[in-house]
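The values are calculated or read from the model by the stated rules, or taken from the named source; none is laboratory data. Quantities reported herein were computed from a predicted structural model and do not represent experimental measurements. Cβ placement follows ideal geometry from the backbone for every residue including glycine, while neighbour counts extend to all protein chains displayed. Ligands, DNA and RNA are stripped out before the accessible areas are found, and what is left, the full protein with its side chains, is counted by its heavy atoms. Shrake-Rupley method; radii C 1.70, N 1.55, O 1.52, S 1.80 Å.
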Amino acid sequence: MHKKTLQNLFCYRKREEVLAEIQSSWKLNDLFISWNEEQKEAFLDICTGQRGVKILFDSFFKEVFNPEYNPQRLSRLLSLLLKKKVRVLKVLPNDTTRITVWPSFLITDIVVEFEDGSIANIEVQKIGYRFPGERAACYSADLLLRQYKRVKDRDSKNFNYKNIRPVHVIVFFEHSPKEFHAFPDTYLHSFHAVSDTKLEMNLLQNFLFVPLDIFHKTMENKDINTELEAWLTFLSTDDPEQIYNLIRKFPMFKEMYEDIFQLCQNTEKVMNMYSKELAQLDHNTAEYMVDEMQKDLDKARNIIQKKDDELKLKENTIQSQNDELKLKENTIQSQNDELKLKENTIQSQSAELKLKEDTIQSQNDKLAKAYALIEQLQNTWY
C-alpha cells in the first residue's frame, strides 16, 4: 500500500535542497550544527514533508491562528470548545504581573478578547503542572482583575459591575496530570460555579481542560467523525498519514496546512522558530526534572518525618513502659519494706515471747524448789 505523506498534497523541497540552502549561509549553518542529530533529522523531516509540524508549539500556533489575518480559525475552535458562538476580536498582551514563580512547562500561552468583551486565556502545557485546578483558579482571578481594571479605567465615573464579562481559562495538555487519567474516556472537562440551591448568579469564571493524550487514546482505531475531533487532531498530531486523512475528510484544514507548507519554504524563519521551540523544550525538561526532584525530596522528607514520628512513638512507649516498670518496682519495694516490718515485728514478738517463756520457766523452777523444800520439812517434822 502506498504510504500517504504530505508530499502527496504539497510540493515540498527535497532534503538535498534544504541542506544546500542551510550550508550556503554561515549563520544558518552554525545554528544547524548546534542541534543534535535527532533535532537535525526532525527539522529536515518537517521541511521536506516527512512529518508534520506540532501546531501547539507557540510560534506555529500563533502563525496559524493569528487573529489579525485569520480570526475565524481561533473563533471556530473556541466556539466548538465552549459550545457557543464566539468571535475573537484581538490578542491581549500577557500581563507581566502574572504568576511566574512556578516552573514553566508551557508550549503556548495567549490571551484573547471576544467581541462581547469576554477574555480567554489559551494555554498549552507539554507536561501538566501539579495542582492544575489551583493554578487555573489563580490565573482566572488574574484575568478577572485585569478586566476589572481595564473597564474601570475606561469609564470610572459610570463604572458598573454588570459591565464585567466572563473569563475563560482553556488548558490543553500534551501529557496530562494524573488527576485526568481517572477518567480515561473523557477529554473535555468543563467547570463553572453552581449553587446547591439552584440560585443562578453570573460568577464569571469558567474553566476548560483538554487532555490531548487521553483524546488520542479514545481515538485509537476510530475514524474522525465530528468537527471538534478534527480540530483536536489538527492541534495534536504531526503524523503525516493522520494529517493526510484529516485533510481528505475535512478539506478546510488544507488551507491551514498550506500556510505551514509556505512557512517551511522560508528556511531561515522556520529554523529560528524551531530553535526557539527547542530552547523552550530544554527549559521545560529542566524545570520538569527540578519539579520531579522536588517531589522526590518531598516524598523523602515525608518518609523521614514518618520514621521520626514512629521513633518518637516508640520512645514514648518505652518511656511509658519504663515508668510502669518503675511504678511496679516501687510497689514491690514498698511491699518488701512492709514485709520486712512485719518480719521485724514477728521477730520482736518472738523474742518477747521467749523472754516470757524463760521467765515462766524460771518461776516454775523456783516453785519446784519450794515444793521440794516443803516436802523435806514435812518429812523431817514427822
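Things to note:
- Note on region 167-227: Rg/Rh from C-alpha atoms, Kirkwood Rh, equals 1.08.
- Between 0 and 90°, nearest 10: helix 71-82 axis offset from the chain longest Cα axis: 40 degrees
- From most to least packed by mean Cβ count within 10 Å, the peptides 166-176, 232-242 give 166-176, 232-242.
- Per residue, the accessible area of region 182-238 comes to 61 Å² when a 1.4 Å probe rolls over the protein heavy atoms.
- Carbon + sulfur, % of accessible area of region 21-63 - ligands and nucleic acids excluded, 1.4 Å: 48 percent
- Other residues lying with their Cβ under 15 Å from the Cβ of L313 contribute a combined charge of 0, Lys and Arg counting +1, Asp and Glu -1.
- Distance violations [Cα-Cα > 18 Å] among K54/K276; K54/K126; K62/K126; K40/K62: K40/K62
- Long-range Cα-Cα pairs in region 204-250 (distance over 14 Å), rounded percent: 51 percent
- Over region 97-210 - Rg/Rh using Cα atoms and the Kirkwood inverse-distance radius: 1.01
- Degrees between helix 132-154 axis and first principal axis of the chain (Cα, 0 to 90, nearest 10): 60 degrees
- Efficiency of FRET between T359 and T317 - r from beta-carbon atoms, R0 56 angstrom, step 0.05: 0.35
- Using all pairs of distinct alpha-carbon atoms, the Kirkwood hydrodynamic radius of the chain works out to 28.0 angstrom.
- In the full protein context, region 38-88 carries 44 Å² of accessible surface per residue, based on a 1.4 Å probe and ignoring ligands, DNA and RNA.
- Spatially proximal lysines relative to K306 (Cα-Cα < 23 Å; intrachain offsets below 8 disregarded): K295, K314
- Sorting S190, S140, S348 by accessible area puts them as S190, S348, S140; the probe is 1.4 Å, largest comes first, and only protein heavy atoms count.
- Förster-model FRET efficiency, 41 Å R0, N160 and A182, C-beta, rounded to 0.05: 0.45
- Between E352 and K269, full extension at 0.36 nm per residue minus the direct alpha carbon distance yields a gain of 17.7 nm.
- With the simple model of a label 7 Å out from the Cα in the direction of the Cβ, K328 to D239 spans 7.2 nm.
- Per residue, the accessible area of region 120-167 comes to 54 Å², computed with a 1.4 Å probe over protein heavy atoms only.
- The chain: calculated mean residue ellipticity at 222 nm from DSSP helix runs of at least 4, using -39500 (n - 2.57): -20500 deg cm²/dmol
- Taking 0.36 nm per residue of sequence separation and removing the Cα-Cα distance, the F191/E343 pair yields an extension gain of 46.1 nm.
- Of the whole protein surface, T317 contributes about 60 Å² of accessible area at a 1.4 Å probe radius.
- For region 145-206, carbon and sulfur atoms together expose 53% of the accessible surface, with a 1.4 angstrom probe and every protein chain in place.
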